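The values are calculated or read from the model by the stated rules, or taken from the named source; none is laboratory data. It should be emphasised that the depicted structure is a prediction, and the values quoted were computed from it without experimental measurement. Cβ placement follows ideal geometry from the backbone for every residue including glycine, while neighbour counts extend to all protein chains displayed. In case anyone asks, the SASA skips ligands and DNA or RNA and just uses the protein heavy atoms, side chains included. Shrake-Rupley method; radii C 1.70, N 1.55, O 1.52, S 1.80 Å.
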Amino acid sequence: MSNRSLPDKYYGENGIHRVPLWRIAGFALNNSATNLYMFSMSFIAYYLAGWVGVGTVVAGSFSMFMRIWDGVTDPFVGLLLDKTNGKFGKNRPFMIIGNVILFVTSFILFHVTHLLPMGVRFIFFIIVSAIYYLGYTAQCVVTKAAQSALTNDPKQRPLFSIFDGIYNTIIFAGLQIVATNLAMKYGGFTSDPALYHDLWMIAAIGSAVATVIAVISITPKDRSEFFGTGQAQLITAKDYWEVLKNNRAIQMLVISASTDKLASSMKSNAVINIVLIGTVCGNYAVNGTLSGMISIPTMLLMMLGIGGIATRLGQRKAMLIGSWGGIITYALLAALFLFGNPTSLVTAEGALNWGFFTIAYVALNIIIGGLTGIAGNIVIPMTADCADYEVYRSGKYVPGLMGTLFSFVDKLISSFAPMLISVCYAAIGFKDSLPDVGVAYSKPLFYMTLFLAFGTVIIGLLCNVIALKFYPLTKEKMEEIQGEIAAIKAKAMAESN
């Protein structure tokens, strides 16, 4: 194996190859690039209801069907990636092409649709969205597929999750502040389409910058000597079926992470935050302040958790600890709303009121963010473990399959989140539009929002715990796997000489 592209200190025994820490930090921005677009699209139900002319349930169902389409395209993009290994590498072409598609189609969606005649708006939106999700899939698959090329050191691989978690915390907390301010500025999410232009500008510029940094960071490792068996392989659709049938690790990871993703997608949905903070607690304007206040301690807790647990005890155990901790803490947060006084969160003047409820709310959310940050962010490098396990198990290197299989089921299940939210709120009277800023308080609205915000997440985390009982890749097993892969590469190189 040639090692001229990186200093010798990034190589060890037993086939272990490492990477400078800044490249891990830089490549993690590829996930941030797609998450910026994902956040801007989380308000799509409001845009559809306000400017495309569809009802609440249809708007929620549209998001579901587009996510399913996104998932259906995953295996085809994954197979294409597994067959790709040209002059510009395996991963970089998908990152660049995917981001260009996202830039162009998202601009069209939010700047052209509402200018068309009402009768064609929805059809137009569907067609452009289908292309948008092809770009989203192309860039997303690389985040998981390139993990095994970036590093295979069991102590270094989890570090991706720290940077990814930090970026995601900053992005989602920061954009919550932005979205809150925009909602106040424009009088809600259905009053002025200029709000969506502002959201698009932030997502498009931020995503483009993040993609450039990620491409630079992965460049020296985007070569066949750093992944798989070190030699080119012929991958067919038949290989995909064989992997699906026999790779227990990816089967359990998909079940675990997808159910968790469904719940977390519902918890982070804009509608639920509007009702929980704006209506139940009484002032949506403080939502951005709370998000910013919670974000930094959450990042620190997550960094300590991943750094202290995943690098020492392995990624499986880190996810298990994070899941159990999340179950307990979410139950406490639900109890706080049920038995505490949510209206004491803010004063009559609209400022945060630092009494028992506010202190407990902030503290529990910091703990939840740290614990579920471990469980959620560790999934991406765990996908790389599954790809290495397949090389060990069958000799096939199929990172595209691993990434897109995970994404397919993840998107298929999480796509139900907008529809479930729409159906649940429609069941208590919101048939024509979703609850927006200023919606009146009612007991049905309160209980339904608590179930969507906390109950669904607890169920998802319980599914994590059950699936992980059957997940075979412990820290000790991964050490064995890396040693065996090194032997496979050495044998292949000896035969070729």
Scan of the chain for chymotrypsin sites (Phe, Trp or Tyr not before Pro) in DSSP loops with at most 12 other beta-carbon atoms within 10 Å gives a longest site-free stretch of 1-353
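Probe radius 1.4 Å, ligands and nucleic acids ignored: give me the carbon and sulfur share of the accessible area of segment 89-214 as a rounded percent.
Working: 3460 of 4390 Å².
Here carbon and sulfur together make up 79 percent of the probe-accessible area.
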For segment 448-458, Karplus couplings with θ = phi - 60° (6.51, -1.76, 1.60), whole Hz, Gly/Pro x: 5, 5, 4, 5, 5, 7, 10, x, 5, 5, 4
Per DSSP loop assignment and a cutoff of at most 15 other beta carbons within 10 Å, the chain keeps its longest run without exposed GluC sites (Glu not before Pro) at 14-348
Compute the Rg to Rh ratio over segment 404-457 from the alpha carbon atoms, using the Kirkwood formula for Rh, and round to two decimal places. 1.08
Obtain the nm distance between the two label points defined at residue 476 and residue 87 by a simple spin-label model: each point lies 7 Å from its Cα along the Cα-to-C-beta direction. 5.0
Segment 414-444 to segment 101-146: how many Å between their Cα centroids? 25
Out of every Cα pair in segment 363-406, what percent are spaced more than 18 Å from each other? 43
Hey, if we sort 87, 245, 477 by accessible area with the 1.4 Å probe, largest down, what's the order? 87, 245, 477
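Convert 20 °C to kelvin, take the viscosity as 1.002 mPa s, use the Kirkwood radius over C-alpha pairs of segment 234-359 as Rh, and evaluate the Stokes-Einstein diffusion coefficient in µm²/s, rounded to a whole number. Please list the in-between numbers first.
On the way: Rh = 17.9 Å.
For these conditions, the coefficient is 120 µm²/s.
Which of the pairs 267/443; 396/477; 87/238; 317/469; 144/396; 221/396 have their Cα atoms more than 22 Å apart in this structure?
Details: 267/443 19 Å; 396/477 18 Å; 87/238 27 Å; 317/469 10 Å; 144/396 17 Å; 221/396 19 Å.
Result: 87/238 exceed 22 Å.
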What helix-only [θ] at 222 nm does the chain give? Using -39500 (n - 2.57) per DSSP H run of at least 4, over all residues, to the nearest 500, the answer is -23000 deg cm²/dmol
Looking at 209, 79, 129, which one has the Cα that reaches farthest to the positive end of the dipole of the chain (charges on Cβ: Lys, Arg +1; Asp, Glu -1)? 79
Relative to the compact-globule scaling 2.2 N^0.38 Å, provide the ratio for the alpha-carbon radius of gyration of segment 148-269. 1.48
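Would you mind getting me the FRET efficiency between residue 116 and residue 238? Use the beta-carbon distance for r and R0 = 51 Å, nearest 0.05.
Values: r = 44 Å, r/R0 = 0.87.
Efficiency, rounded to the nearest 0.05: 0.70.
Which value, in nm² and rounded to one decimal, describes the direction-averaged projected area of the C-alpha convex hull of the chain? Please report the intermediate quantities before stating the final value.
Values: hull surface 88.2 nm².
For the Cα atoms of the chain, the hull's average projected area reads 22.0 nm².
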Env charge @ residue 157, Cβ radius under 10 Å, K,R +1 / D,E -1, value -1
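Taking Rh as the Kirkwood radius, which is the inverse of the mean 1/r over Cα pairs, what is the Rg/Rh value for segment 149-221?
Numbers: Rg = 17.0 Å, Rh = 14.7 Å.
Result: Rg/Rh = 1.15.
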The orientation-averaged projected area of the Cα convex hull of segment 60-160, in nm², is 8.2
Place a label point 7 angstrom from the Cα of residue 245 along the Cα-to-Cβ direction, then list the residues of segment 53-82 whose backbone nitrogen is under 20 Å away. 75-76, 79
Within segment 129-159, backbone nitrogen closer than 19 Å to the virtual label 7 Å beyond the Cα of residue 108 toward Cβ: 129-139
Report, by chain and number, residues whose modeled amide H sits under 5 Å from the one on residue 346, excluding near sequence neighbours (fewer than 5 apart, same chain). 353
The extension gain from residue 38 to residue 394, computed as 0.36 nm times the residue separation minus the Cα-Cα distance, is 124.6 nm
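Once the piece of chain linking residue 317 and residue 347 is laid out straight, how much longer is it, given 0.36 nm per residue of separation minus the C-alpha distance between them? Before the final figure, lay out the partial values.
On the way: separation 30, 0.36 × 30 = 10.80 nm, distance 4.24 nm.
Additional length available on full extension: 6.6 nm.
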In a Debye calculation with equal point scatterers on the alpha-carbon sites of segment 282-419 and no solvent, what is log10 I(q)/I(0) at q = 0.11, 0.14, 0.16, 0.19 Å⁻¹? -0.56, -0.81, -0.96, -1.14
Which value, in debye to the nearest 20, describes the size of the charge dipole of the chain about its Cα centre when Lys and Arg Cβ atoms bear +1, Asp and Glu Cβ atoms bear -1, and nothing else is charged? 600
Grab the Cα-Cα distance for residue 192 and residue 363, subtract it from 0.36 nm times how many residues apart they are, and report the gain in nm with one decimal. 58.0 nm
